[in-house]
Amino acid sequence: MVSRFILTSAALMLGSTAATAQSLGDGTYVQGFIGYSQLQDSNFSGAIGGATQSVDTDFDAGFGLGVAIGKEIPQWSNDTVGTRIELELSYRESDVDGVNFSGNGPAPEGNISGDVSQTSLFANVLVDFKQSGALTPFAGFGLGATYSDLDFAYGPGVALDDSDTAFAAQVIAGVAYDINPSTALTVDARYARAFDVSSQRLAPNGALTGTVEDDLDTFSVNFGLRYKF
């Protein structure tokens, strides 16, 4: 509940800040993006039924979207590079495609259903590599927190049904195309990791059978629109 409150408050803060961004000027911008997201295969492991077991999980391709507000820092910029800082709020979701529980041997589990969703708040630092034309490559990284909601079941109704907020980091590389002095189209690739995400494992009757944990890695390709005030 506390995690949901923190992320909801962050969303409201980001929205209200964007609404007043025009009064800031001086390189302040807002950006929205949407795109393809692929949660990487995970190996949730931990004590299950008194022994160390793993829940190997594959995911379908999913989607992601987000908003950001940022500003170029003149003190960290020159004619060759421009340095920006931004606050980003994003959401990604992927369906579960396959599960292999080590306690049942090598065969894949049946009756797979459910998904994993992630809401992230990142503080990013980005560097623009300034060009003479309309294209501007950029790269950067971000640090923050990710709220992961695991809700999937397999086999006779065994479930990983839990949520966790964990430290997260991402790297970003992309290119912007200037439509005009204030508006740019962007394409970027991001690789994000939420560290040590844990979940309860529940039996079909809802009884707790153990707790598992793994890092959750996500690769995404995003298309966006950036507007500078």
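Structure above, values below:
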quantity: Test: residue in region 103-123 that is farther than 23 Å from A184 by Cα, touching a helix residue (DSSP H, G or I) at 6+ places or on another chain (Cβ under 6 Å) and of a type outside the set (A, V, I, L, M); calculated: yes
quantity: Qualifying position, being β-branched (V, I, T), touching a Gly at 6+ places or on another chain (Cβ under 7 Å) and in contact (Cβ under 8 Å) with a residue 60 or more places away in the chain, among T186, T146, T165, T119; calculated: T186
quantity: Any hit, region 143-166, residues being loosely packed, with under 15 Cβ neighbours inside 10 Å and in contact with a Ser or Thr (Cβ under 7 Å, 6 or more places away or on another chain); calculated: no
quantity: Options T211, T186: the member that is assigned to a strand (DSSP E or B) and within 16 Å of G140 (Cα to Cα); calculated: T186
quantity: Hits in region 167-194 - residues which are surrounded by fewer than 16 Cβ atoms within 10 Å (Cβ to Cβ) and among the polar types (S, T, N, Q); calculated: N180, S182, T183
quantity: Test result for G98, under 14 Å from the mean Cα position of the chain (by Cα) and either surrounded by 17 or more Cβ atoms within 10 Å (Cβ to Cβ) or in a strand (DSSP E or B) (or both); calculated: no
quantity: Check on D79, of a type in the set (D, E) and touching a strand residue (DSSP E or B) at 6+ places or on another chain (Cβ under 7 Å); calculated: no
quantity: Residue, nearest to S182 (Cα to Cα), within region 101-137, restricted to residues that are crowded, with 20+ Cβ neighbours inside 10 Å and of a type in the set (A, V, I, L, M, F, W, C); calculated: L126
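Residue-wise test of (1) within 14 Å of the chain's Cα centre (by Cα); (2) of a type in the set (S, T, Y); (3) closer than 23 Å to F33 by Cβ; (4) at pLDDT below 95.
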| residue | (1), (2), (3), (4) |
| --- | --- |
| D115 | no, no, yes, no |
| T119 | yes, yes, yes, no |
| F122 | yes, no, yes, no |
| V127 | no, no, yes, no |
| A145 | yes, no, yes, no |
| D151 | no, no, no, no |
| I172 | yes, no, yes, no |
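Yes or no, residue by residue, for (1) in contact with a strand residue (DSSP E or B) (Cβ under 6 Å, 6 or more places away or on another chain); (2) among the hydroxyl-bearing types (S, T, Y); (3) in a strand (DSSP E or B):
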| residue | (1), (2), (3) |
| --- | --- |
| G110 | no, no, no |
| G114 | yes, no, yes |
| T119 | yes, yes, yes |
| A139 | yes, no, yes |
| A145 | yes, no, yes |
| S163 | yes, yes, yes |
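The values are calculated or read from the model by the stated rules, or taken from the named source; none is laboratory data. Quick caveat: nothing in here was measured; it's all calculated off a predicted structure. Note: ideal-geometry Cβ built from the backbone for every residue, glycine included; neighbour counts use all protein chains shown.
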